Structure formats: C-alpha cells, structure tokens
Amino acid sequence: SNILLGPINKINMFIESYPKGMAGFKRYVDFLETEPEIADRPQAMAIKDIEGEITFNNVSFGYTEDKRALNQINLKVRPGETVALVGPSGAGKSTICSLLPRFYEVNEGSITVDGIDIRDFKLHSLRSHIGIVQQDVFLFDGTIRENIAYGDLNASEEDIWYAARRAQLEDVIKALPEGMDTLIGERGVKLSGGQKQRLSIARIFLKNPKILILDEATSALDTETEQAIQQALNELSVGRTTLVIAHRLATIKDADRIVVVSKKGIIEEGTHDELMNSKKAYYGLYTAQFGLQI
Ligand code: ATP
C-alpha cells in the first residue's frame, strides 16, 4: 500500500519545506492545518549532517491496537547501503518505510539514525534527510522549475538544471516551448507518468538527502521510459542509504542486500545469489515470478 497515506501525508511532508503563501499553494496550507501533528520531544535536536546509518531495534507496530502490522523487526542498514525489502502483499514492507520519516510512531522498540533515536530529531530535521520516490507523484500548479525546486528558495538555476539532467529530464524540458517556465498541473502541460516520476527524482537530486526510500512501481512503464527511470534511480541511490520496496524482483537483483519480510518478521536476508542458492523463501518468490526461466 501507499507509504504516504498516513495521518501525515505527502502534502504535509511537502508543506514543511514550502514557504507559506506562495502562489497556488494556499489551499494545501489550509489542508495542512487540519492535520494532526507529531510533536517534537522537548529535547529534540536539529541535526544537520548525518552518515545515514539506520537501525530498527525490535520494532513492533500496529495501525490499530488489536492487529500488529510489524512484529519485532531488527534491521541495520549501513551508510550508503541499498537494501531491498521483498515479501508477500501485506507483509509490512511499506509500513517499515513509513515509520522512518515518522508518519507513524513505533509502539515498541526504536529506530535510530546514526545511533540517534528518530524521536530525538526535530521532525523537520529528520525529514530533511529523507527522500521518497513513489508511484503517485505530487505535482502542483506551477512551472517545471517550481515543481523541481519544491519550495527550496535557495536553489540556483544551475542546481535545478543539474537535478533535471541527473533525472534524465533535460531533453524533455528543453523540447518544451517554454522550457523550465512551462506550466504544468491542472492548467498547464500534462506530463506522462514517466516524466512525472523523473520530476520527482529531480526533486530529490536537488534536496540531496542521505536516506532514500524507493517505493517501486508495481506495473511496468514502456521499456524506454523504464530504462531511463531505472538509470536515474540507480544514480540517485549512489552514496545514499536506500530502502527499496520491491514488487518486481528483476529490478533489485543488484541490491547490496535483500531482506525478506513476512507477517512473522524478517525471515531471510542476503544477496540475490546467496538467497537463490539457499533455495528458501526468496527462491520461492523469485521462481514464482519468473517461472522456470532462470
Ligand atoms: P504491499 O506489497 O501490498 O504493498 P506491504 O508488504 O507493503 O504490502 P503493508 O502495506 O506495510 O504491507 O501492510 C502491512 C499490514 O498493515 C497489512 O495487514 C495492511 O493491511 C496493514 N495496513 C497497511 N496500511 C494500513 C493503514 N493505513 N491502516 C490500517 N492498516 C494498514
């Protein structure tokens, strides 16, 4: 399910870095003010630079009191490592990822970043270190430039073009009659699904967070678009601690580590080759997805 459909949603996430009163944005601000807030602890700190080490220590969580979505999750991710979460639908992959930016609070255990409990970061500071790419891209009525800058008033023209280039969007933008000034959204040019995806990737290149969460597309785009996006995502994850919610196993073969999540918790982890050789859960998922072609 969608990791951002929580009590604090993507609009809320966006708003944090968005100057109030900017054109076209007022209604989202209004919306935000009706949302519950997760309060900072009194001693919460703004932490500027992080390495990006993530640890889940015996984390249990339920959306409701009577049903646990996560049971005793232990996971340590090294700075810069790419970890793919795989497992059946409902196993808790998205939930693991939504706890990290604190869309929900853990019920038991703790999550740390660089050894610091995420509840001891100011929420804004914690989220400044996390970039999220998912299928549903949130665009607002404005220019391409504004949509890439996403509220970052310090972004220079050069930074924005750099981000567009890294996200494989440069040619697309240059081919538009008004380039970066082209209006998109309800009253402007409609971007294709793949272009929206790349725009969201450009935002993250610009934001440059140390931690990345990739909620992988469930359905295939056309091959060319998919390759462009995969290329952009591969580049984006370099030097960032990356959690990939994987639906299609072909795309995560090269992950540093694959973690198999089930309703019982983490049941297996290793590289693709290790897990294929051990012929257990991952092997089962993989052969089910690819038939006997392997
Ligand atoms: P999928 O591959 O289908 O995306 P997943 O492994 O990401 O699944 P989660 O979406 O994390 O699994 O779901 C874990 C459990 O939590 C499931 O039982 C699911 O029904 C439940 N769940 C997920 N989101 C919510 C929510 N917003 N409110 C209540 N229950 C939820």
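Side notes on the structure shown:
- Scanning the stretch 44-73 for residues that are away from the ligand (no atom under 12 Å from the Cβ) and closer than 14 Å to Tyr104 by Cβ yields Phe56, Val59, Ser60.
- Of all residues in the stretch 111-151, those satisfying the criterion of being under 21 Å from Gly62 (Cα atoms) and touching a helix residue (DSSP H, G or I) at 6+ places or on another chain (Cβ under 8 Å) are Ile111, Thr112, Ile118.
- Listing of strands (runs of 3 or more DSSP E) fully contained in the stretch 58-165 that carry 2 or more residues being of a type outside the set (A, V, I, L, M, F, W, C) and touching a residue at least 40 places away in the same chain (Cβ under 8 Å): 70-77, 108-113
- Of the residues Val133, Val59, Val106, the single one that is closer than 17 Å to Leu212 by Cβ and hydrophobic (A, V, I, L, M, F, W, C) is Val133.
- Selection count, the stretch 74-108, where residues are within 11 Å of the ligand (Cβ to nearest atom) and among the aliphatic types (A, V, I, L, M): 5
- Considering residues of the stretch 77-110 that are buried (at least 21 other Cβ atoms within 10 Å of the Cβ) and closer than 16 Å to Arg127 by Cα only, the residue modelled with the lowest pLDDT: Phe103
- Condition check for Ala217: at pLDDT below 95 and under 17 Å from the mean Cα position of the chain (by Cα): yes
- Filter pass, Phe31 being within 14 Å of the ligand (Cβ to nearest atom) and either more than 20 Å from Glu108 (Cα to Cα) or modelled with pLDDT of 95 or more (or both): no
The values are calculated or read from the model by the stated rules, or taken from the named source; none is laboratory data. Nothing here was measured: the structure is a model prediction, and the numbers come from that model. Ideal geometry is used to build each Cβ from the backbone, glycine not excepted, and the neighbour counts take in all protein chains shown.
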